[in-house]
Each structure stands twice: as C-alpha cells, then as structure tokens.
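The values are calculated or read from the model by the stated rules, or taken from the named source; none is laboratory data. Just so it is clear, the structure is predicted and the values come from calculations on it, not from any experiment. Because the Cβ atoms are built from the backbone with ideal geometry, glycine has one as well, and the counts that use them run over all protein chains shown. To get the accessible areas, we keep the full protein, side chains included, count just its heavy atoms, and leave off ligands, DNA and RNA. Shrake-Rupley method; radii C 1.70, N 1.55, O 1.52, S 1.80 Å.
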Amino acid sequence: MAALRLLLLLAAAMLLVVASRGDASGAAPRGRKLLVLVDDLAVRSSHSAFFGSLQARGLDLEFRLADDPKLSLHRYGQYLYDGLVLFAPSTPRFGGSVDQNAVLEFIDAGHDMILAADSSASDLIRGIATECGIEFDEDPEAMVIDHINYASTEVEGDHTLIAGDDLIQSDVILGSKKIEAPVLFRGIGHAVNPSNSLVLKVLSASPSAYSANPKTKLASPPSLTGSGISLVSIMQARNNARVLISGSLDLFSNRLLKSGVKKAGSKTRHEKSGNEQFVTETSKWVFHERGHLKAVNVAHHKVGETNEPSMYRINDDLEYSVEIYEWSGTSWKPYVADDVQIQFYMMSPYVLKNMSTDKKGLYSTSFKVPDVYGVFQFKVEYQRLGYTGVSLAKQIPVRPYRHNEYERFITSAYPYYAASFSTMGAFFIFSFAYLYHK
Amino acid sequence: MAEVEASTAASGDDRLRKASGGVLCAFTLLLIGVLAFSIRLFSVVKYESVIHEFDPYFNYRVTQFLSKSGIYEFWNWFDDRTWYPLGRVIGGTVYPGLTLTAGTMWWLLNSINIPLSVETVCVFTAPIFSANASWATYLLTKEAKGHGAGLMAATILAMVPSYISRSVAGSYDNEAVAIFALIFTFYLYVKTLNTGSLFYATLNALSYFYMVCSWGGYTFIINLIPMHVLLCIITGRYSSRLYIAYAPLVVLGTLLAALVPVVGFNAVLTSEHFASFLVFIILHVVALVYFIKGLLTPRLFKVAMTFVLTVGLALCFAAVAILVALVASSPTKGWSGRSLSLLDPTYASKYIPIIASVSEHQPPTWPSYFMDINVLAFLVPAGIISCFLPLSDASSFLVLYLVTSVYFSGVMVRLMLVLAPAACILSGIALSEAFNVLTRSMKFQRPRSDDGLPAAEDIITPGTSSTAATIVKSGNITKEKTENVSKGRPSKKNRKEKEWVGSSPVRPDMEEKLCVLPAEASAMGILFLIILCGLYVVHCVWAAAEAYSAPSIVLTSRSHEGLHVFDDFRESYAWLRHNTEVDDKVASWWDYGYQTTAMANRTVIVDNNTWNNTHIATVGTAMSSPEKAAWEIFNSLDVKYVLVVFGGLIGYPSDDINKFLWMVRIGGGEFPHIKEEDYLRDGNYRVDAQGTPTMLNCLMYKLCYYRFVETDGKGFDRARRYEIGRKHFKLTHFEEVFTTHNWMVRIYKLKPQKNRIRGKLKLKSSSKASSMRKGAGKKNPWQ
C-alpha cells in the first residue's frame, strides 16, 4: 500500500490513491504537488519543521523564489501544482507569468493556498488577501499588540508576541485532539466581514488586543481592536478551494513551533507551544486531507421497484438514496451524520426530510410525491462548518394522472348511474308504448 | 336550332340543363378549390416550405409528438420543457382538432405509401382547409339564396385577404381548420332549419364537436345559434323544424363538447354557454305553449295563459334571482377574461394587460377593414338588403351572423377572421342579386322576339359567377353577348330554343315587374360590378403575395442594393440547439417561447400559451429590474440563458424594446415594486438621453444595447430613430455568448456566483487594484 503510494508520488503530479476495496475506493480529492514561494531561501530552513510535516504526509514540495523569472503556475493550460504555499510576505511582485490575478485564478480553478504575511506585507500580498475576503490592517507599520495576553517567554517590552487561545470550535478544521497550549503569533491583524459566509476566523485575538504601530505613541484610536481582530483565518471558496491566511509568518517558524510558552498572568507554562499542532492540523484541512465530502450513487425509484423512472406521477411513493463519504487523508470513509436532508423542490421545497443513514455512508429516505405536478428537483444542500459543501440537484418531472388512472366507477356515484340507466330504460319503454300502443 | 316537339323538348331540356348546370357547378367549385389552395402558396414559392410565426410552431411540435407517440400519449402528454418548473399538461390544455386533423392526414398519406414529412403536411393543412371552407360557404349560401349566390360567395371567400392572412401555407394554426368548421356548422344548422331533418341535426352536432375540438371560438356558435332561435321565436317563426335544428344541437353538442379535455365541465359551468341553455328552456316553453294552443279553444287558452304567466313569471323571477346571485358571487361573473374583453372592449386594457398586450387583441383600425375585406365592406349592406327580400329563416341567420361578427371584429382585430365569411356570403348574395337584376333587365330590353320567363326562374344559373371572368375579356359589351354569357354557354342554344317555344301568357307582367332598368344603365352597372370584382381580385392577389405571406421567422427587406434576407431567428435557435446543454433553461419574453421549444428544443420559462400570469409577470419583472435583481430572479428559476430580440441595428420595429412597456405593466401587475411611471419620462416611453435612470438601468435595456455603440460609434437606434441614452456600460452578472448576424437576437448567459467574496478595499496605495474594482460597499454575494 505504502509502496504503491510512494511510486505514484514520484511518477505523477496528480496522485491517485487507491484505497482498500473494503470501503469506498476512489481518487483523493486533491493532488499532492505544492509550490512553495519564499522571499528568501533561508525560510526553507527556518520553517523546516512545518515543511517537514507536510512532506511527511506525502506532499511534494517545490521551493522557488517568489521573483524567480521562470515562475509559472500552469503550462499548456494545465496547472503544474495542486496547491500553493505563499511564504513571501514582502515580495512586491512575482516573477515570471505569475501575478495577483494568476494566483486568484489558481484558486478559482479549485486549488488551495496557505498565505502568510507579516509586518512587511506588500501590497501584492494584501491584495490577494483582500480578494479572498480578508482585510489586513491598512497601516503598514501596525502589528497586533496585546498587553494582557502576551506570551511571557521573552523579555520584550512591546507585547507583540501574542499567546492566542481563542480558537474556532471545530474538530474538522483543528483536528479532534484539543490544542492545549496557546498559539504564538507575531504579526499583523486582519478583519473579516461577519456577513461573509465563506471566511472563518480560526484564531482570533483576545478582547484586549489592538492593532497599531508598536514603535510610536498611539495618536488616534486603532482601527482594529479586540476580538474583532483575526490572527489566522480560513476561506473556503464556493468551488471548495481552501485558503488559509495568517498575519504572521513566524507562526510557522521552527522557533515558535519549538518554543515553550507561558501566557502572561498565567501560572501554567507549556513546554511546547500549540503552534506545531495548529499548523499541522490546519494545513491538513487546507490541503483537503480532512473535511472533504463526496456524494455518489444518487438513486431514486418507486417503492417496490429498482429502476429509476424518467418521470414520477403525483402521489407516487418513492425512495431516494445517496452515499456520502469523507476523505480521511488516505481513503474515503463513510460520513456519519444525522442531519443530511433531502428536498423535493419546485421553486420551494415541497418535501424536506432528514435522511437516515446506515452508518456505512448510505443515506436514504422514502416519501410520497406531493399532489402537485411540475418539474421537481431532488436537492441535497449540505453545508457544514469546515466541510466541503455537498450540493446535489437532480431534475425529475412529476406528471398528473393519465386519463385511465382515475377510478373507473366511484361508489358515491352509483345513484347517478342508476338514475341515468333507469331513465334510458324508461324512455325506451315510453317510446315503445307511445309508438305501438294505439 | 331544329324544330322539335314542344313538350318533350321542354322536359328533356330541363333535365339536360339541370345536369349540365350541375356539372358546371361542380367544375366551378373544383376551380374555386384550386384557387383557394393555390393563392395561399405564395409563401412557399416566395420563401420556403416552413412553419410560420409563433403558435404554429407549437402546433407543429404537438403534431410531431402525436405522429410519433400516438393519440393516447398525446392525450396524456405532460410537457416538462415549457413553463419550467411548472410544466404544462398539453393534452388537457390544447384544442386538439387541428393536430388530430393533420395527424390523420399524415397517417393516411403514409399508410398509402406517400411518405411526406409531418412538416409538409402541417404546412399545407391550412390551404387544403381553405378549399374546404370555400365549399362550405357555397353550401351555406346555397341554402339561403341558391346556387349562384353560393358560387359567388365561395369565390369571394376563396381569396378574401382576411382569411388568407390566417391560412397561407405554413400558417398552421387553429383558425385554419376552425373557419371551415364554423361555416360548415352554420351550413348544417341552416340545412336542418330548412329541411327539419334529424339526420342533419345530428351531423350538425358532430360538426359542432369538430369546431369545439378546433378553436376556442366555438363559443361564437353556441351563442349565435341560440340568438337566432330566439329571434325566430320572437318574430313568430317558431316551427318544429326550428326545434329539431336546435334541441339536438344543445343536448348532443354539449355532451360532445364536454368530451374535449380542454373544455370539459366548462361546457356547463361557464357563462359563455349559459345562453344556449336558457334558449333551450325557452324553446321548450314555447313548444309547450304551441302544443296547448292547439288543444284548447282561444278563450280557454287566454285564461290558461294568464294563469300560467303569473305563476310562471313568479317562478322565473325566483330562479333568475338565484342564478344572478350565484353568478355574481364569482369575481369574473363566470366569464373568462377573453370573453369579458369581448363584451366590454375596455376590460382587458384595464385589468388584464396580458390580453391587451397581444397585438391581435387590439381593436382594428379602419384601414385594416379595407385591407382585410376590401370591396366587400361596400357590398355587405346590399347583401343585407337582399337578405330581407324575402326574409327567410336562413337569410335572417346570415344577417344575424354578420351583425354580431361586425361587432366582434370591432373589438379584436383577430376576430376579423369571423367577419370575413359573413362578409363574403353577404357580398356574394349582393353581387349575385345585382347581376341577376342587371342581366335580366338587359335581356328584357332586347327586341320583342325575346322572352324572359324562363330566365326569370332560372336566372340564378351556375354561370353567374363565371360571368365576371368571361365578360372582362369580351371588352365591348353588346346586349347579345351579355345575355349569352349570363345564361351560361353550354345551355345557350337549347335555352333559346325553349324560350321561343314556350312563350307564356305571364310575359307582360313579368316584364313590367322585372325590367326596371334601361339597357345602358344595366350595361354600365354590370361593367362597374365587373371592375369592382376585378379590383377585388387584384387586391387579394397582392395581399396574398406581398402582405400576408411572410413567415415572420425569416424577414426580408428591399433596398436599392437588392433583397436582404434576415434569418436571424433561426440562426439563434440553431445556436442554442447546438451549443447548450439539453436541459438548459432559456428565458425570453413569452413571444419566443413556442419557437424556442420547437426549434431549439430547449426548456423555456414562459411561452405563448399565457396560462400563468404570475410566471409571465416574474419574467417581466426580471426584465425590468436592474441586473443584480434580475440575476437573482433568473437564478431562482434555474435559467442559464437569456434571449432578447433587438431590432435597433436593422430597424426591426417589433422587438423587445418596443414590447418592453408591456413587460413592465404585466410585471407591475403582480409585483408592485415595478412601477410604470419609473420607466416613462413625462408619460413618454423613450430610451434616448431623455430616458429615466430606471429605464436605462434595467436588464432589458442593458441586454439589448450592450456593445451597441461599437457598431456605429454613436449608438443610433434605427428602430426608434434616435441615439440611445446610455452607450458605454459593462455587464456584471451576464455575459454575452451569441449575437446573430444582424443583431436581431442576442443571447446572454448568467454568470455563475462569484467563487470568492471579496473584502472591502482599503488599500489606497494599490493603484493597479483600485482601478479594477470599485464600490463594493457591503456584502454582496453576487459580485
């Protein structure tokens, strides 16, 4: 198994993972080839622990300088990479054919990205972040300062090394194991629009934080304050491309990954900061090793039949089933939840029902087609925090009764049948009597 | 001219003349049929054998389905490709007569190994049925006024422009067969009335059934015939023949009509049919009264009468009060919208914009009468007069038919079609009578040796209608010649012989009675009538060739450079057929719905069967909304493509911009946030610099004029004849995917939702970025 994977890793840019036949088989949702863009090749060694963890998970990293003149994301209409790690905060422009739009198109084509900025973030990096819905503090000198929740590991006076512990509550993004130690952060803060449904704050600042230039006196109230400041955010685009944006490149560095942490005012001292667990788990999420759902084998048929009809009749009883699997990093595992709903939809849902699962990935339900004809859709809209969206729509017409599908004789109409036949008989007798009885 | 025995000659000649007259009559009818068929072929000769306009495409599609799937599938057809997502039960909402007729014709031809395509059969259905209609006209007029008038009327009907406009080859619409059914039903009614035969009464009910199958206009029959029955009763013309003509029609006709799915219980529930039942009751009461009158003495009858009247009136009032209360409790008083707009011509424009928006539902203008019935408009009064000389049941029916249809044609231009047969029949009668009188008076002016008695009786010879053609050639009209022709050539010699032999004593008063005009005046009169007929023929041929033969999916225009053909519609539908997914939904204004489903085979949101006002209003609202709101509406309907028709480049006037005000009205009728005033500047509808901002921002404007300024640099709209108001703009939620050669049809695709939601732009220093995007104030998922 492992040998096979290694072979494929070397051979192909697009990695096919052949999982065991027992549970669902299929390709991984993402390829494993990443491009790492750095300002300075020193980052490669200063952040080697993070890169090492990526490589250990089977990702294939290619390191390039951000201003490499031969830089290109695609060739002959094909993308060369499946993901991008942008650790070049200060680069004013990329080399080669890559620019801001190229990066955004890369994301819009369904690829993932980790972007780290710091206080020297260039307009280019800020622009990419803004396009992803993340707004770094406008002041180029500003950093996040927190005079209460700073990390007292160092003897620095400006309180810019923050020990963040306001993490998002999501097992799928941060892994099932709780991150105990605070995450160390030094860098710039950003804000996200609360109405932006695609962006989530993963690591937020504490209410006492603010964003300002630590070297000068505060002249005016800072624009970003309190828990409105996000330190690390993720964005899952509508095409399920995932982007992680951090205001701190140091967050990923060996130094912060390895260092111990003691939060100011707190008694407990953690031997090791939460950074390593944090960056490992979030990078797993970003590169679709977790939280990626796929829905397959959509089937529907009348109760008691197995073939899928091209059209239903009103008041038919039907069964609908779909299989949903989650990518675990190595194979597709059944996804188990009790809140997957099916809609039988024509401009509005006529039927909205929870589907039951057999815990092996199969979700199914049965219901009666409403007494309304039209072109309906089986819709499954399953959007959950951290998971890729499952959005299925299948069109199916519902016809009214055929002319011979109504009741032939209605019991309550028997008096009328009797009346009409007796009238006919009486008329016949009357005509006979009238014509011949004289 | 040999001398023969008078008596044998008389009877033999009579038989011979009758036979030859019959042959001539049949031959003339055949020619009339050929004329009716061939005058409608201009569209095929000038353009091609193609289905015309809008509704015929639907009928064609239905016929295709019928020929492929059979009658039961057709009956139960649920069409999921129109009115998405509601669908339409075609079998239950369509008048199946036309489809079944063409389907049967196609099946017959195929079963005798004539492999015509369905389309060919559909194209030629209308001309074939116009020939049938001419023959039916002959029969109807013959019942009222004899053969001559019948032939004349049939000839006139064969080429009346009003009917041609609806029945040229390719105009495969319900009216094509319905006019035949209408006239034939009237013929059978009059025939029953004249003969009192139950056989014809049954045929009449069947013919009525065919009419109900064919066209919603059957309500005209079921109201006109009761009116005539009532008229007969009031004028004291009640007879058992009237009873036989009417009672079976109501009973059988209603039963049969209820069998047609689209009519169903409407045959007894709606107010359109109410008059027939009321008259049915009245007829029975009158029949009873006549029966009792026969039993009782006059005095006793009077007593019984007063008793019955008081009791009966009281009962009647009670019944009527209940009925009125029932009917009044329904909002439309039990009438359908289209019927109401007939009774009250202002109803539609006040309450139902969707009916008022159709151009053929507008009241006609005066010129359209001269265009559509031409000289018949002058001849009709004369026809009415001759119907009163003498008034019979049949002729009173014709007068009533004319009067009602004149009213209806004045309400809706489309109902000119119902007027046309009436006008033809009465003009035929008028012309025939006029020729009659003029030729007769000329004949009696001849030297004394001549004798007019037989002519007086047989003057309505089959030849009468052919006189026109023959006399035109003869140039100088001598008395001799006119008389000869008027009698009809084959029987000329025999007849003269007979005239000399059979001189009669009635001759003096006949001459006194008939010879009212001097010879010269008669000759002039005939000449004028012939010129009139000639003008009519010229006009009809011109109308058939030039005015009514355009298929409207292919347009032509003539300029000094030559003939231009605009085939943009089919170009765009072909594009849709070949470049879009089979389940994609195309939104357009409803005019183009039938064509899109038939020609492009794509699902449409609304089509020409305007059965759901809300759905049409939704599309109208989307078209009159700004881009973003329109995108939301269309997206909620799963629309992938939007199609607009734009005539600004080539000056095609009936494009979507000119129809746009109706979209606003219909949309505003359901969704009050669309207000007509917002689109009008001082009550004027315009899209130039004076146009209101709402107008210049709405989707329809943008889709029509997107990139229009690139054509000539000024944005000059040739259909409206001014420069447009907003020339340079970009589309954010739609993208142009196809524009036809002459820009007549433009197809846009809805852009998908943005993949990412952008943050607020705060980077002032980023000049490159800020030039690209502006004004993303608040959260907008559709950016």
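Could you give the C-alpha radius of gyration of segment B:636-676 expressed as a fraction of 2.2 N^0.38 Å, taking N as the number of residues it contains?
Working: Rg = 12.9 Å, N = 41, 2.2 N^0.38 = 9.0 Å.
Here the Cα radius of gyration is 1.42 times the empirical estimate.
Once the cut-off is 17 Å, how many percent of the Cα-Cα pairs in segment B:582-634 end up in the long-distance tail?
On the way: 487 of 1378 pairs.
Value for segment B:582-634 (Cα pairs over 17 Å): 35 percent.
Kirkwood Rh over Cα pairs of segment A:162-227 into Stokes-Einstein at 10 °C, 1.306 mPa s: D in µm²/s?
Numbers: Rh = 13.7 Å.
Diffusion coefficient, whole number: 116 µm²/s.
Specify the inter-centroid distance of segment B:170-195 and segment A:79-122, based on alpha-carbon positions, in whole Å.
After rounding, the separation between the Cα centres reads 77 Å.
With a cut-off of at most 15 other beta carbons within 10 Å, and DSSP calling the residue loop, which trypsin sites (Lys or Arg not before Pro) in segment A:82-189 qualify? Please list them.
Loop-located and lightly packed - A:Arg93, A:Lys177, A:Lys178.
From the P(r) of segment B:626-747, could you give the percentage of C-alpha pairs in the tail past 24 Å?
Of the Cα pairs, 22 percent sit more than 24 Å apart.
Of the peptides B:183-195, B:679-691, B:403-415, how do they stack up when ordered by the mean number of other Cβ atoms within 10 Å, highest first? Could the numbers behind the result be given before it?
On the way: B:183-195: 25.0, B:679-691: 15.6, B:403-415: 18.7.
So the order, starting with the most tightly packed, is B:183-195, B:403-415, B:679-691.
Starting from 0 in steps of 10 Å, tell me what percent of the Cα-Cα pairs of chain B lands in each bin.
2, 11, 19, 21, 17, 13, 8, 4, 2, 1, 0, 0, 0
Between segment B:256-313 and segment A:358-386, how many Å separate their Cα centres?
Centre-to-centre distance over Cα atoms comes out at 60 Å.
Give the longest segment of chain B that steers clear of GluC sites (Glu not before Pro) in DSSP loops with at most 11 neighbouring Cβ atoms within 10 Å, not counting the sites themselves.
Details: sites that count: B:Glu3, B:Glu5, B:Glu48, B:Glu561, B:Glu581.
Longest stretch, sites excluded: B:49-560.
Can you give the alpha-carbon Rg of segment B:177-237 over 2.2 N^0.38 Å, where N counts its residues? It would help to have the intermediate numbers written out before the result.
Numbers: Rg = 11.6 Å, N = 61, 2.2 N^0.38 = 10.5 Å.
Normalised by 2.2 N^0.38 Å, the Cα Rg of segment B:177-237 equals 1.11.
How long are the three semi-axes of the equivalent ellipsoid for segment A:35-101, computed from the Cα gyration tensor as the root of 5 times each eigenvalue, in whole Å, largest first? All intermediate terms of the calculation are to be shown ahead of the outcome.
Numbers: eigenvalues 83, 52, 13 Å².
Output for segment A:35-101: semi-axes of 20, 16, 8 Å.
Averaged across A:370-377, how many Cβ atoms of other chains sit within 10 Å of each residue's Cβ atom?
Details: counts 0, 0, 1, 6, 8, 14, 3, 2.
That average works out to 4.
Can you check what the net charge comes to around A:Ser176, using other residues whose Cβ is under 11 Å from the Cβ of A:Ser176 (Lys, Arg +1; Asp, Glu -1)? Please report the intermediate quantities before stating the final value.
Values: positive: A:Lys177, A:Lys178, A:Arg290; negative: A:Asp171, A:Glu281.
Surrounding charge for A:Ser176 is +1.
Run the dipole for chain B about the Cα centre, Lys and Arg Cβ at +1, Asp and Glu Cβ at -1, nothing else charged, and hand back the magnitude in debye, nearest 20.
Numbers: 73 positive and 59 negative charges, 429 e Å.
Result for chain B is approximately 2060 debye, rounded to the nearest 20.
What Kirkwood hydrodynamic radius, in Å, does segment B:255-304 give when the mean of 1/r is taken over all pairs of distinct Cα atoms and then inverted?
13.2 Å
So which GluC sites (Glu not before Pro) in segment A:217-291 are both in a DSSP loop and have at most 13 other Cβ atoms within 10 Å of their Cβ?
Working: sites: A:Glu271, A:Glu276, A:Glu281, A:Glu289; in loops: A:Glu271, A:Glu289.
Passing sites in segment A:217-291 are A:Glu271.
Would you please name the trypsin sites (Lys or Arg not before Pro) within segment A:288-334 that are DSSP coil residues with at most 16 other C-beta atoms within 10 Å of their C-beta? List each step's numbers first, then the result.
Details: sites: A:Arg290, A:Lys294, A:Lys302, A:Arg313; in loops: A:Arg290.
Answer by residue number: there is no such site.
Kindly express, to the nearest 10 degrees and within the range 0 to 90, the angle between helix B:274-295's C-alpha long axis and the longest C-alpha principal axis of chain B.
Helix B:274-295 and the main axis of chain B meet at about 20 degrees.
Compute for chain A: radius of gyration divided by Kirkwood radius, i.e. Rg/Rh, restricted to C-alpha atoms, rounded to two decimals.
On the way: Rg = 31.5 Å, Rh = 25.5 Å.
When Rh is taken as the Kirkwood radius, the ratio is 1.23.
Work out the length of the dipole vector of chain A about its Cα centre, built from +1 on the beta-carbon of each Lys and Arg and -1 on the beta-carbon of each Asp and Glu, and round it to the nearest 20 debye. Each step should come with its number before you reach the end.
Numbers: 44 positive and 47 negative charges, 251 e Å.
The dipole of chain A has a size of about 1200 debye.
Bin width 10 Å, alpha-carbon pairs only: give the P(r) of segment B:311-425 as whole percents, running from 0 to the bin holding the largest distance.
Pair shares across the bins are 13, 30, 25, 23, 9, 0.
If each DSSP helix of 4+ residues adds -39,500 (n - 2.57) and the sum is divided by the residues in chain B, what number results at 222 nm, nearest 500 deg cm²/dmol? It would help to have the intermediate numbers written out before the result.
Numbers: 37 runs with 478 residues, N = 783.
The helix contribution divided over chain B gives -19500 deg cm²/dmol.
For every helix of n ≥ 4 consecutive DSSP H residues, a contribution of -39,500 (n - 2.57) applies; sum these over chain A, divide by its total residues, and give [θ] at 222 nm rounded to the nearest 500 deg cm²/dmol. Let's see the in-between values first.
Working: 9 runs with 86 residues, N = 438.
Calculated at 222 nm, the ellipticity per residue is -5500 deg cm²/dmol.
How big is the convex hull of the Cα atoms of segment A:99-197, per residue, in Å³? Numbers along the way, then the final one.
Values: hull volume 13.4 nm³, N = 99.
Roughly 136 Å³ of hull volume per residue.
Could you report the accessible area of B:Phe274 in Å², rounded to 10, computed with a 1.4 Å probe on the protein chains as they sit in the structure?
Surface accessible to solvent at B:Phe274 totals approximately 90 Å².
Please list log₁₀ I(q)/I(0) at q = 0.05, 0.06, 0.09 Å⁻¹ for the protein assembly as shown, using the Debye equation with identical point scatterers on the alpha-carbon positions.
-0.55, -0.71, -1.19
Can you tell me how segment A:191-296 classifies by the Cα gyration tensor, rounded, prolate or oblate, using a/c under 1.5 as the rounded cut?
Details: a/c = 2.47, a/b = 1.30, b/c = 1.89.
Oblate, because a/c is 1.5 or more while a/b does not exceed b/c.
Please name which of B:Phe280, B:Phe220, B:Tyr243 has its Cα lying farthest along the dipole of segment B:133-290 towards the positive end, using unit charges on Cβ (Lys, Arg +1; Asp, Glu -1) and the Cα centre as origin.
B:Tyr243
Between segment B:566-598 and segment A:26-61, what's the alpha-carbon centroid distance in Å?
50 Å
Could you report the protein assembly as shown's accessible area per residue, 1.4 Å probe, as an integer in Å²? Each step should come with its number before you reach the end.
On the way: 54610 Å² over 1221 residues.
In whole numbers, the protein assembly as shown has 45 Å² accessible per residue.
Using only the Cα atoms of segment A:365-422, each taken as one equal point scatterer with no solvent, compute I(q) by the Debye sum, divide by I(0), and report log10 of the ratio at q = 0.21 Å⁻¹.
Relative scattering, expressed as log10 I(q)/I(0), comes to -0.94.
How would you rank B:146-157, A:69-80, A:242-253, B:20-31, highest first, on the average number of other Cβ atoms within 10 Å across their residues? Could the numbers behind the result be given before it?
Working: B:146-157: 28.8, A:69-80: 12.3, A:242-253: 26.6, B:20-31: 16.0.
Result, highest mean Cβ count within 10 Å first: B:146-157, A:242-253, B:20-31, A:69-80.
Could you pull out the pairs from A:Lys333/A:Lys360; A:Lys394/B:Lys749; B:Lys18/B:Lys142; B:Lys702/B:Lys727; A:Lys201/B:Lys628 whose alpha carbons sit more than 19 Å apart here?
A:Lys394/B:Lys749; A:Lys201/B:Lys628
Compute and list, largest first, the equivalent-ellipsoid semi-axes of segment B:198-334 from the alpha carbon gyration tensor, each √(5λ) rounded to a whole angstrom. Walk me through the numbers on the way to the answer.
Details: eigenvalues 178, 90, 21 Å².
They are 30, 21, 10 Å, listed largest first.
Please report Rg over Rh for segment A:295-390, where both radii come from the alpha carbon positions and Rh follows the Kirkwood definition.
Values: Rg = 14.1 Å, Rh = 14.2 Å.
My calculation of the ratio gives 0.99.
My understanding is that a pair violates if its Cα-Cα distance is over 30 Å; which of A:Lys178/A:Lys267; A:Lys353/B:Lys640; A:Lys272/B:Lys760 do that in this structure? The partial results should precede the final answer.
On the way: A:Lys178/A:Lys267 20 Å; A:Lys353/B:Lys640 28 Å; A:Lys272/B:Lys760 37 Å.
Beyond 30 Å between Cα atoms: A:Lys272/B:Lys760.
Of the options A:Ala151, A:Gln341, A:Ala66, report the single residue whose Cα projects farthest towards the positive end of the charge dipole of chain A (beta-carbon charges: Lys, Arg +1; Asp, Glu -1).
Most positive-ward Cα: A:Gln341.
Rounded to whole Å and sorted largest first, list the principal axis extents of the Cα atoms in segment B:694-760.
Answer, in whole Å and largest first: 43, 26, 20 Å.
Got a sec? Charge dipole of chain B, +1 on Cβ for Lys and Arg, -1 for Asp and Glu; which of B:Val320, B:Leu29, B:Ile179 is way out at the positive end?
B:Val320
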